[in-house]
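The values are calculated or read from the model by the stated rules, or taken from the named source; none is laboratory data. Treat the numbers as computed from the prediction; the structure is a model and nothing was measured. Counting neighbours? That spans all protein chains shown, and the Cβs are built from the backbone with ideal geometry, glycine included. Heavy atoms of the whole protein, side chains included, go into the accessibility calculation; ligands, DNA and RNA do not. Shrake-Rupley method; radii C 1.70, N 1.55, O 1.52, S 1.80 Å.
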Amino acid sequence: MVLCVLKRRLLRSSSCAFMGRLQRQSRGCVYSSIHGFSHEEIREKLQAFPGGSVDLLKHDSGIAVLTINNPARMNAFSGSMMVDLKERVSQLENWSEGKGLIVHGAAETFCSGSDLNAVRAISNPQDGMKMCMFMQDTLTRLLRLPLISVALVEGRALGGGAELTTACDFRLMTSGSVIQFVHKHMGLVPGWGGAARLVRIVGSQKALKLLGGALKVDPEFGLDIGLADEVLEADQGAATALQQAENWLSRYTKGPVPVIHAVKKVVLAGRELPLSEALRTEKEVFGTVWGAPANLQALASKSKHK
Ligand SMILES: CC[C@H](C(=O)O)C(=O)SCCNC(=O)CCNC(=O)[C@H](O)C(C)(C)COP(=O)(O)OP(=O)(O)OC[C@H]1O[C@@H](n2cnc3c(N)ncnc32)[C@H](O)[C@@H]1OP(=O)(O)O
């Protein structure tokens with residue numbers, strides 16, 4: 001009897017710890033006030049550099065489209081767009097029916113990084129650090145969404161735009177597109193978390209070459225080094241690149257929401273956590289799908305995997 005109660009308490013407390021860990025991991029804030037990070041202060045500073053927008057459209061299919069929208073500046077990120085992006089990510093964190101996300105740029109080009117006009121105005125180290133923390137926080141939360149995400153790269157993804165592509169699970173490149181970490185040419189290194197993520201995607205040797213040489217990655221090179229997952233050729237049937245990206249993504253988002261979320265969570269754990277912690281997380285996530293409706297339905301239907 002006592003043993004049972006103890007066991008139940010232990011289970012409850014370990015499941016609380018697990019939920020806390022998952023929540024921290026999935027909400028994924030990197031910085032807090034201990035790091036001198038004041039969300040409100042930075043937000044106010046960034047709002048002083050307006051222009052463009054970041055737009056979110058959620059489809060009934062469970063796939064949302066996030067559009068970086070500042071075509072007059074090749075979709076460069078103004079300060080207010082950085083704030084917009086954070087708000088859109090918060091909305092996606094609370095989208096319980098969501099399964100997939102496509103991030104793309106307006107007018108057939110991806111994003112040319114930070115708006116250089118804003119960059120020039122805040123080119124002192126203190127403001128640079130604040131912007132860096134703000135964007136690291138946002139892009140980490142973007143990558144940790146329980147959705148399967150794709151960056152659709154048309155035209156150019158430069159500087160911070162290249163970094164944004166690495167905050168998605170996959171990258172699709174259209175013919176003629178280029179991803180380029182131009183930071184070295186600007187006397188910089190990535191600051192939006194792009195270097196850390198790039199190393200995890202292509203490995204440290206290739207990341208060193210891409211950053212050290214500010215190399216232009218075209219679709220063929222992208223596929224070769226594993227930065228691009230697929231090249232979308234111009235479609236004879238006149239499907240737009242966005243429609244092609246939706247078709248591509250829907251292969252991975254087919255199925256019930258809890259199962260897709262579970263898939264993303266176990267992969268995220270494997271990607272980010274030390275093995276023993278990743279295994280524990282996998283066990284806990286497994287516990288949420290084992291015997292759940294989708295599992296019971298599959299068992300009842302005697303499915304064959306031919
Ligand atoms: C380095 C890291 C840093 C960060 O992490 O925060 C950054 O991201 S800094 C930004 C890095 N990006 C750049 O330096 C891009 C500079 N721009 C270009 O190389 C070209 O404009 C290019 C290749 C994107 C497009 O060239 P194209 O000849 O096709 O068009 P235009 O040059 O005429 O560009 C049209 C229009 O857009 C303005 N533009 C482009 N990028 C930016 C930008 N990042 N910030 C502000 N404005 C940008 C460009 O000035 C033109 O405006 P216009 O008024 O017509 O002159």
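Miscellaneous remarks
- Matching option when the condition is within 14 Å of the ligand (Cβ to nearest atom), within 21 Å of PRO50 (Cβ to Cβ) and assigned by TED's automatic domain parsing to the domain that holds GLY52, among ASP84, ASP115: ASP115
- Verdict on SER250 being of a type in the set (Ser, Thr, Tyr), surrounded by 13 or more Cβ atoms within 10 Å (Cβ to Cβ) and out of contact with any Leu (no Cβ under 8 Å at 6 or more places or on another chain): yes
- Filter pass, ALA196 being closer than 21 Å to THR109 by Cα and among the small types (Gly, Ala, Ser): no
- Cβ-Cβ distances below 6 Å connect the following pairs, each with a first residue in region 40-60 that is assigned by TED's automatic domain parsing to the domain that holds SER80, a second residue that is of a type in the set (Ser, Thr, Tyr) and assigned to a helix (DSSP H, G or I), and a separation of six or more residues or different chains: GLN47/SER80; PRO50/SER80.
- Number of the condition not met by ALA72 [criteria: (1) surrounded by fewer than 17 Cβ atoms within 10 Å (Cβ to Cβ); (2) of a type in the set (A, V, I, L, M, F, W, C); (3) in contact (Cβ under 8 Å) with a residue 24 or more places away in the chain]: (3)
- Any chance ALA167 is assigned to a loop (DSSP other than H, G, I, E, B), surrounded by 23 or more Cβ atoms within 10 Å (Cβ to Cβ) and in the same structural domain as ILE225 (by TED's automatic domain parsing): yes
- Scanning region 146-155 turns up no residue that is in contact (Cβ under 8 Å) with a residue 24 or more places away in the chain and in a helix (DSSP H, G or I).
- Criterion applied to GLY187, GLY161, GLY191 was being open to solvent by 10 Å² or more (accessible area, probe 1.4 Å) and in contact (Cβ under 8 Å) with a residue 40 or more places away in the chain, and the one residue passing it is GLY191.
- Hits in region 53-73 (condition: closer than 24 Å to ASN94 by Cα and within 16 Å of the ligand (Cβ to nearest atom)): SER53, VAL54, ILE68, ASN69
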